[in-house]
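Read through the structure below, which is laid out as structure tokens, and then see the notes.
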Amino acid sequence: MKKALFISIMVLLLCGLTALFAAPALSGKIAEFSVSDLPDDDGSGIILKWKPLSKEHRVIKYNIYRGVSPDSLFLLTYLEVDPKLGVLAPYLYYYDTGDQPLAEFESSPMRIKKEKDQAENSPLYDKFPLDPELLATVIDRYNVLAVTKASRLHKGSRLIRKDDTGFAGLKLTQLDGIYAIPKMGVTYYYSVAAVNERGLVYPGTEVLSIVPEDNPPDAGAIMHASFVQDAGKMNFEWLPPTGAADIAAWQGWLFPRASLMGEKELPENWTSSATQIFEIPNMSASSVYYHSADFDADAYTPERYVSVLSYIDYSGQMAAVTANSYRYLKRENLANLPDFVVMDKANDKGDNMLVSFGKPLAYITLAEFTNKHHDKLKLNYEISANENYTVDKVKFTFKTQDGRSIGSITEKYVDKVLQFRMPKEFKDIKHIHTEIAVLLLKATD
């Protein structure tokens, strides 16, 4: 009996091994890999695109390699994926804008090291080593930034002189990280390799090269303009385009409507026929921009003129868009500004100011029933706070759409979550009207 059982087990093992070795090996070679220049930027961005492997490969991440020569590409970063689900999207993308460190003190090796599981002539290497001589060979191919603590810079550095100029010298081990941002006009080389859940690094893609370019700004800004007649002011408000960090200045214009090519297209030399209203530097990264200029636009009616927003990048390249709307208004048509107070922020170093207007208000972010009977209501809420006021309680009053009272609850401990038990007669209700009152403790002096 034991002998027969032993023979059966051996036969099953042999069959399993035969099936394992007979199964076709998964190549793991990534297909449809491409690199391209990031549009509308200053030449510091590159896009990588590739077709992910099937979930049978059990990939846990995709390693991304970059170099300045085709025979030496170093691990830059990786994208993690779920080995069970795989990647549902048809393509994966990585945007190299220099936000990943070239070398880090904690994770970079001290010597150059080949990537494992690759062919002998593979150009792929592990992370860039903390080797000053090797770093010196590539430092002129990037815009390089180093991160360190202020105490190391002021106390741990030593004076380095070159050509009558003094520098604060630091060792590589005194730096937390070195960031290498791609430069316009320099050739870079990229490859991608998949890594499975056993740590096997599949063969890398073919090495592709790209030369990033400084592109003109994207003509995608959205702008509205108005002339307040009894105030003599031109108001411009706009949403910036993508790549707004590369914009050096904003300009506002009025342009004859009759000179447009079509409904909104500007001719090639449109500035020669336009009247400039303002030019301001791009001093802040904002989601919405606003500028008001003193200008008498009585002769520039919306029937005869369109307002134009132009913007120039740091290389002098320009883009321009016509306004979505240009209106004549009076002061009575403008929204009333709320009363506000500019105050010092408490308990700081004196480098922050607060603009205080309005009182705190609460609003619901999520509402759901927590049981199948639909009689236990859970609400998540947030409070738009104001440091000039202290919130004591929040009262919620629930009503039907026709105004009948369902009940109320007062949150004495404001933890932004509350539970409310629905009365039996309202347990199947689908629409609830909620009134929220924020009760304040006192105003802060």
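The values are calculated or read from the model by the stated rules, or taken from the named source; none is laboratory data. Everything numeric in this text was worked out from a predicted model, so none of it was measured. Positions of Cβ are generated from backbone atoms using ideal geometry, with glycine treated the same way; all protein chains shown enter the neighbour counts.
Looking at region 396-445, which of the residues that are surrounded by fewer than 11 Cβ atoms within 10 Å (Cβ to Cβ) and among the aliphatic types (A, V, I, L, M) is farthest from Ile364 (Cα to Cα)?
Ala443
With Ser307, Ser286, Ser272, Ser292 as the choices, which residue is touching a residue at least 12 places away in the same chain (Cβ under 8 Å), outside any strand (DSSP E or B) and of a type in the set (Ser, Thr, Tyr)?
Result of the check over Ser307, Ser286, Ser272, Ser292: Ser286.
Output the residue which, of all residues in region 204-219 that are closer than 12 Å to Tyr188 by Cβ and aliphatic (A, V, I, L, M), is surrounded by the fewest Cβ atoms within 10 Å (Cβ to Cβ).
Once the filter is applied, the top-ranked residue is Val211.
Only one residue in Lys378, Lys393, Lys372 is of a type in the set (Lys, Arg) and in a loop (DSSP other than H, G, I, E, B). Which one?
Selected residue: Lys372, the only one of Lys378, Lys393, Lys372 that is of a type in the set (Lys, Arg) and in a loop (DSSP other than H, G, I, E, B).
Quick check on this structure: which one of Leu124, Leu76 is within 17 Å of Ser209 (Cα to Cα) and under 23 Å from the mean Cα position of the chain (by Cα)?
Answer to the check: Leu76.
Give region 252-267 a look and list any residue that's in a strand (DSSP E or B) and surrounded by 20 or more Cβ atoms within 10 Å (Cβ to Cβ), or say none.
Hits for region 252-267 are Gly252, Trp253, Leu254, Phe255.
Could you list all residues from region 353-369 that are within 25 Å of Lys416 (Cβ to Cβ) and either hydrophobic (A, V, I, L, M, F, W, C) or not in a strand (DSSP E or B) (or both)?
Leu354, Val355, Phe357, Gly358, Lys359, Pro360, Leu361, Ala362, Ile364, Leu366, Ala367, Phe369
Condition check ((1) in a loop (DSSP other than H, G, I, E, B); (2) within 17 Å of Thr137 (Cα to Cα); (3) of a type in the set (Val, Ile, Thr); (4) free of Cβ contacts under 8 Å to residues at least 12 places away in the same chain) across all residues:
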{"position": "Val68", "(1), (2), (3), (4)": "no, yes, yes, no"}
{"position": "Phe74", "(1), (2), (3), (4)": "no, yes, no, no"}
{"position": "Tyr78", "(1), (2), (3), (4)": "no, no, no, no"}
{"position": "Pro90", "(1), (2), (3), (4)": "yes, no, no, no"}
{"position": "Tyr95", "(1), (2), (3), (4)": "no, no, no, no"}
{"position": "Asp99", "(1), (2), (3), (4)": "yes, no, no, no"}
{"position": "Arg111", "(1), (2), (3), (4)": "yes, yes, no, no"}
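Being touching a residue at least 12 places away in the same chain (Cβ under 8 Å) and assigned to a loop (DSSP other than H, G, I, E, B) is the requirement here; does Ser315 meet it?
Details: touching a residue at least 12 places away in the same chain (Cβ under 8 Å): yes; assigned to a loop (DSSP other than H, G, I, E, B): yes.
Yes; evaluated as a whole, the condition is true for this residue.
Go through region 147-186 and report how many residues are of a type in the set (Val, Ile, Thr), under 23 Å from Pro129 (Cα atoms) and surrounded by fewer than 14 Cβ atoms within 10 Å (Cβ to Cβ). Give the derivation first.
Initially, region 147-186 is screened for residues of a type in the set (Val, Ile, Thr), giving 147-148, 160, 165, 173, 178, 181, 186.
Next cut, under 23 Å from Pro129 (Cα atoms) only: 147-148, 173, 178, 181, 186.
Still in the running and surrounded by fewer than 14 Cβ atoms within 10 Å (Cβ to Cβ): 147, 173.
Residues meeting the conditions: 2.
Among all residue pairs at least 6 apart or on different chains, which show Cβ distances below 9 Å where the first residue, located in region 188-204, is in the same structural domain as Ser69 (by TED's automatic domain parsing) and farther than 15 Å from Thr77 by Cβ and the second is part of a strand (DSSP E or B) and of a type in the set (S, T, N, Q)?
Close Cβ pairs satisfying both conditions: Tyr189/Ser69; Tyr189/Ser72; Tyr189/Ser209; Tyr202/Asn196.
Within region 113-149, can you find the residues that are free of Cβ contacts under 8 Å to residues at least 24 places away in the same chain and either hydroxyl-bearing (Ser, Thr, Tyr) or not assigned by TED's automatic domain parsing to the domain that holds Tyr190 (or both)?
Thr137
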